[in-house]
Amino acid sequence: MSLRKFVMSGIQDVLDNKLGGLSGNKQPNNGQQRDNSSSSSSNQPQQDYNMNPGGYPNQPSYGNAGYGGMPPQQPGYGNGGYDPYGQGQNHQQQQPYPGGGGGQPPYPGGYPSQGQGAPYPGGGGGAGYPQPPQYGFSGGPPSSGGYPPQQPYQPQHQPQQQQPSYPPQQNFQQGGGPQMGGGFFPNHGYGQPVMIGTPSLFPIPGFNANADAEVLRKAMKGLGCNNSKVIGVLCQRTNGQRQEISKAFKVMYGKDLIKELKGELHGDFEDLILALMEAPAIYDAKQLYKAMDGLGTKESVLIEIMTSRTNAQIQQVRDAYKMLYKKDLERDLIGETSGHFKRLLVSLCAGGRDESNQTDAIRANQDARRLYQAGEKRLGTDESTFNAVLASQNFNQLRMVFEEYQKVSNHSIEKAIESEFSGDVRDGLLAVIAVVRNRPAYFAKLLHDSMKGLGTRDNDLIRLCVTRAEYDMADIRNMFQSLYRTTLENMIKGDCSGAYKEGLIALVNGNRGTM
């Protein structure tokens, strides 16, 4: 070998070693560099992923990095799985920013859209940015491990972008746990337009859970229990406030408030107070289970709850039922009922009623004629048509259908239902119509029925007072007086006694006078 070739070969080796050290890919020699370029490129990402993801030392600043392109933060942008040199065909366009410094714009052409939060639900700030473990830092191919082409990760975030199955869920802010929420309370941001009423109980201004817990502790201390103080607190607070009182009681005294109440109270008054301490969805779920448990089924309870709750409330009741009993509510309804009544309950349990309040006069006329054709104008009854219309359309549209039916048949739709149906399905359809026409009147009638005649159906009376107090009890109270020429308070006084009577009256009259 000539001296010149020897010197040139030495210079070439030095250059190869220097260049290989800069890129992190040391090549054995010039010939191997050309022959093994593909295998070197494929092996390099594995080395970097396993030793130090992305090769950036300040990974913890990943979650705080802003999208505004602050140069000092770019090394900590994460680059989970992104190797700036050994990425094959991406090598040329990624070389200008290996360190993210030097005053160069960070990730030119790749990250401007990130400032707008394009593929992330969290929006433009670092707070909504996914954490590194979500990307795995695995030694996958560049298309699945590199940051600049974010498209492969978008499907991972799709579930976060989807709306909950019941749109108003975010408004269930009062009391309860994250699954159950505390509330069916329309005046606390929950209500659907068709459901808004005037409750008797409102949140107490200046509410102090610790002070109320102390009052209850003193009321139950020693021999006996001061029922008046229990009523003054628990029957004058909203369900969400009661949950806070229960928590404060446990923190202050190391005891469970519900267990203490069970030990101090008795009879119907105990049942009333314990019902007030349940989150509404859990209470409804327990009432449905009790109505189907054992021999026979109390269809009136199923009808009352399933026909009068909103879509969101029904979904919460279904969730509560599953949590409490490890069973599906719809499946139990199917097992305990039959025929067209079963189909009606399944339709209502789906919680799919239109709640938009939009109306269409032409469609109302067509539906009224469909109902007339399916019932009175034929031999036999096509029950599925009644089910399809009454279980799915919004209340304003149904009122329009009822008016059109009156014009088509010269009598009310209630009369048609009574003549064409019988048994539980008739009662269920009539309940739907009653709720649509006048919800307070429907509940006023149920309250009256629970107390008329000999004896009082206390479970029904308690359920109606507890579930409507924070919803539309003031409307029900006024309607009751219009329909029966006596006040609801007077009828309760005539049928109930003691602390039980005082507790019910406190719920009916509400807390406006104490605020």
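The values are calculated or read from the model by the stated rules, or taken from the named source; none is laboratory data. The shown structure was predicted, so the numbers you read here are calculated from the model rather than taken from an experiment. Cβ atoms come from the backbone with ideal geometry, glycine included; neighbour counts cover every protein chain shown. Note: accessible area is taken over every heavy atom of the protein model, side chains too, but ligands, DNA and RNA are not part of it. Shrake-Rupley method; radii C 1.70, N 1.55, O 1.52, S 1.80 Å.
Quick look at the values:
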| read-out | value |
| --- | --- |
| Every residue from segment 391-403 that is in contact with a Leu (Cβ under 9 Å, 6 or more places away or on another chain) and closer than 15 Å to residue 366 by Cβ | 398, 401 |
| Residue in segment 266-273 that is among the small types (Gly, Ala, Ser), under 26 Å from residue 309 (Cα atoms) and outside the structural domain of residue 326 (by the TED database) present | no |
| Test: residue in segment 420-435 that is among the hydroxyl-bearing types (Ser, Thr, Tyr) and in contact (Cβ under 8 Å) with a residue 12 or more places away in the chain | no |
| Residue check, residue 247 closer than 24 Å to residue 470 by Cα, modelled with pLDDT of 95 or more and part of a helix (DSSP H, G or I) | yes |
| Matching residues in segment 297-324 - criterion: being crowded, with 24+ Cβ neighbours inside 10 Å and within 13 Å of the chain's Cα centre (by Cα) | 312, 313, 316, 317, 320 |
| Residue 362 being at pLDDT 95 or above, open to solvent by 30 Å² or more (accessible area, probe 1.4 Å), among the β-branched types (Val, Ile, Thr) and over 30 Å from residue 404 (Cα atoms) | no |
| Residues being in contact (Cβ under 8 Å) with a residue 24 or more places away in the chain, more than 20 Å from residue 465 (Cβ to Cβ) and of a type in the set (A, V, I, L, M, F, W, C) - total across segment 287-316 | 3 |
| Selection from segment 456-515 of residues that are in a helix (DSSP H, G or I), among the small types (Gly, Ala, Ser), under 33 Å from the mean Cα position of the chain (by Cα) and over 20 Å from residue 435 (Cβ atoms) | 503, 506 |
| Tally, over segment 368-394, of residues that are assigned to a helix (DSSP H, G or I) and open to solvent by 10 Å² or more (accessible area, probe 1.4 Å) | 9 |
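Okay, residues lined up against (1) closer than 23 Å to residue 240 by Cα; (2) crowded, with 21+ Cβ neighbours inside 10 Å:
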residue	(1), (2)
453	no, no
457	no, no
465	yes, yes
476	yes, yes
485	no, no
498	no, no
501	no, no
507	yes, yes
511	yes, no
